[in-house]
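Step one of this worksheet: look at the structure below.
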Amino acid sequence: GIQVEQSPPDLILQEGANSTLRCNFSDSVNNLQWFHQNPWGQLINLFYIPSGTKQNGRLSATTVATERYSLLYISSSQTTDSGVYFCLLYGNNRLAFGKGNQVVVIP
Amino acid sequence: KAGVTQTPRYLIKTRGQQVTLSCSPISGHRSVSWYQQTPGQGLQFLFEYFSETQRNKGNFPGRFSGRQFSNSRSEMNVSTLELGDSALYLCASSSATSVYNEQFFGPGTRLTVL
């Protein structure tokens, strides 16, 4: 199956700082999503981004499928950005989640 | 549009029992997928159903099974529960027809096995 690696696994940010989360994958993918998991376990859709770049407020994402990676940018971080960020991929008829990026934003 | 709903939200069972979890997808969505999340293994794909047929399956033992009804609602069943089955079980729905499409997750069912 597809191997997915997210980095960095843990990140501590000062409120207002910017950060980049990375999702590397081992094979070609048909689709890719980024999620934010809140403290109650709910996975919140951030981006559906099999390729290209998208922006939504302070968040943006870029997927370069040919080089097998996706990036999630958080700008001007806020304490509400704390949580775990996951990428979910579909390729070779298989779904795979990364292990997540644990982000803590301190005031 | 109402989101994905899962019932029950919390469940406590003992080893050896069986459990059934339910998932109602977003209206119009015909694909339902199930995932298990544990601290040790992270998020793992269990299976996916589309139009009452299992279309995709992860690497879980046969104790884990599921089904989908004609209204797209899905249930998953775990028989002979083990302590290691304690987890957050998430379902997601999608409008996918032929291949995986954008998935929308429910709030999850937190299962504790004692």
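The values are calculated or read from the model by the stated rules, or taken from the named source; none is laboratory data. The model shown is predicted, which means the values in this text are computed figures rather than measured ones. Cβ atoms come from the backbone with ideal geometry, glycine included; neighbour counts cover every protein chain shown.
Applying the selection to region B:65-114, what residues are away from chain A (no Cβ under 14 Å), part of a loop (DSSP other than H, G, I, E, B) and either touching a residue at least 12 places away in the same chain (Cβ under 8 Å) or under 25 Å from A:Phe35 (Cα atoms) (or both)? Explain how you work it out, then say what you get.
To start, the set of residues in region B:65-114 that are away from chain A (no Cβ under 14 Å) comprises B:65-85, B:113-114.
Imposing the further condition that a residue be part of a loop (DSSP other than H, G, I, E, B) reduces the set to B:69-73, B:79-82, B:114.
Scanning region B:65-114 gives B:Phe69, B:Ser70, B:Ser72, B:Arg73, B:Ser79, B:Thr80, B:Leu81, B:Glu82, B:Leu114.
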Task: Of residues in region A:15-37 being at pLDDT below 95 and not in a strand (DSSP E or B), the one surrounded by the fewest Cβ atoms within 10 Å (Cβ to Cβ) - done: A:Ser28
Task: Count - residues of region A:62-107 that are more than 13 Å from chain B (Cβ to nearest Cβ), assigned to a loop (DSSP other than H, G, I, E, B) and either at negative phi or within 11 Å of the chain's Cα centre (by Cα) (or both) - done: 5
Task: Residue match in region A:47-61 (condition: within 14 Å of another protein chain (Cβ to nearest Cβ) and under 14 Å from A:Val84 (Cα atoms)) - done: no
TODO: Please indicate, with yes or no, whether at least one residue in region B:1-12 is in contact with a Phe, Trp or Tyr (Cβ under 8 Å, 6 or more places away or on another chain) and more than 14 Å from chain A (Cβ to nearest Cβ).
DONE: no
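Residue under question is A:Trp40, and the condition is that it be within 14 Å of chain B (Cβ to nearest Cβ), closer than 21 Å to B:Gln41 by Cβ and surrounded by fewer than 18 Cβ atoms within 10 Å (Cβ to Cβ); does it hold? Reasoning before the result, please.
Details: within 14 Å of chain B (Cβ to nearest Cβ): yes; closer than 21 Å to B:Gln41 by Cβ: yes; surrounded by fewer than 18 Cβ atoms within 10 Å (Cβ to Cβ): yes.
Yes.
Which one of A:Tyr90, A:Tyr73 is modelled with pLDDT of 95 or more and among the aromatic types (Phe, Trp, Tyr)?
Unique residue meeting the criteria: A:Tyr73.
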